[in-house]
Amino acid sequence: MRILVIEDDPKVASFIQSGLEQEHCAVDVLPDGSHAAEQARAIDYDAVVLDLMLPGRSGFQVLREIRSRKPTLPVLVLTARDSVDDRVAGLDSGADDYMTKPFALAELSARLRALLRRGGPRENVLRVSDLQMDVLTRTVHRAGKPIDLKPKEYALLEYLMRHAGRPLPKSIIIEHVWDIHFDSVSNVVEVHINSLRNKVDRGFSAPLIHTVRGVGYMLADAPP
């Protein structure tokens, strides 16, 4: 899951980012609203967490711009403004949910998951051949054998499983599993793919993670 956090308070932004990354999310943070709508349009985010009190361009402006460009993108407004009028204004501007500061990270995460479920069907149990991932319990099994994954390994495998049978370029994988500012010449994708192969494919009769020459990687029950 890829989340855009638009928050000008560095401590709050860092708190949200750290917590969501522990939930295996890829998180991008913007400190103001100047280019927020453009970034939300350009990148395939699953949801946006938006502070209303931003320097440069207000959260209300950003929200309206996001809605005009991506009307179905879930947006959770997070702000210290807790009056009824502020709540109404936020929801009328296009927010899908509204939380006030201070807040509990567990509730923020739960509300984001609820927004994603509301936005359309999203499988909770992913299966490719004898590989199974339960995204609610964060568990992975192959042929009934539990597989222990690190957070980024889990995020990478979930992305591959949600796009099973489709060759995924390295650049797209980096955008969705790592920060968009990640150095694209790094071998981080290769390193994590190799680690996944050791855990998911080694010891089993047929490999599921395949290299697609000139493109990237694909998870499927048969090679391309």
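No value in this document is a laboratory result; all are computed from the given coordinates. Predicted model, so just to flag it, every value in this text is computed and none were measured. As a convention, Cβ positions derive from the backbone with ideal geometry for all residues, glycine included, and neighbour counts pool all protein chains shown.
Quick look at the numbers
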read-out	value
Lys, Arg +1 and Asp, Glu -1 on Cβ, resulting dipole of the chain about Cα centre, debye, nearest 20	760
Of A206, A26, A37, the one that fluctuates the most in a GNM where the chain has Cα springs shorter than 10 Å	A206
Of S186, S171, S109, the one that fluctuates the most in a GNM where the chain has Cα springs shorter than 10 Å	S186
Evaluated at q = 0.21, 0.23 Å⁻¹: base-10 log I(q)/I(0), Debye formula over Cα of the range 2-118	-1.22, -1.53
Dipole magnitude of the range 125-219, debye to nearest 20 (Cβ charges: Lys/Arg +1, Asp/Glu -1, about Cα centre)	280
Cα-based convex hull volume of the range 99-224 per residue, rounded to whole Å³	129
Percentage relative contact order, the range 2-118, counting C-alpha pairs under 8 Å, at least six apart	23
Inter-label distance, nm, simple model (7 Å from Cα along the C-beta direction), V29/D82	2.3
Local net charge near R2, Cβ-Cβ under 9 Å (Lys/Arg +1, Asp/Glu -1)	-4
Extension gain (nm, one decimal) between D9 and R197, 0.36 nm per residue minus Cα-Cα	63.7 nm
Potential extension, T211-R113 segment - 0.36 nm per residue separation minus Cα distance	32.1 nm
Residue (of A114, A80, V29) at the positive-pole extreme of the chain, dipole from beta-carbon charges	A114
Full-extension gain in nm, Q22 to N124, via 0.36 nm per residue minus C-alpha separation	34.9 nm
Percent antiparallel among DSSP beta bridges (both partners in the chain, rounded to 5)	50
The chain: relative contact order as a whole-number percent, Cα under 8 Å and 6+ apart	16
At most 15 other Cβ within 10 Å, DSSP loop - chymotrypsin sites (Phe, Trp or Tyr not before Pro), the range 127-224	F182, F204
Positive minus negative residues near A80 (Lys, Arg vs Asp, Glu; Cβ under 15 Å)	-3
Interatomic Cα distance distribution for the chain, bins of 5 angstrom, percent	1, 7, 14, 17, 18, 14, 11, 8, 5, 3, 1, 0, 0
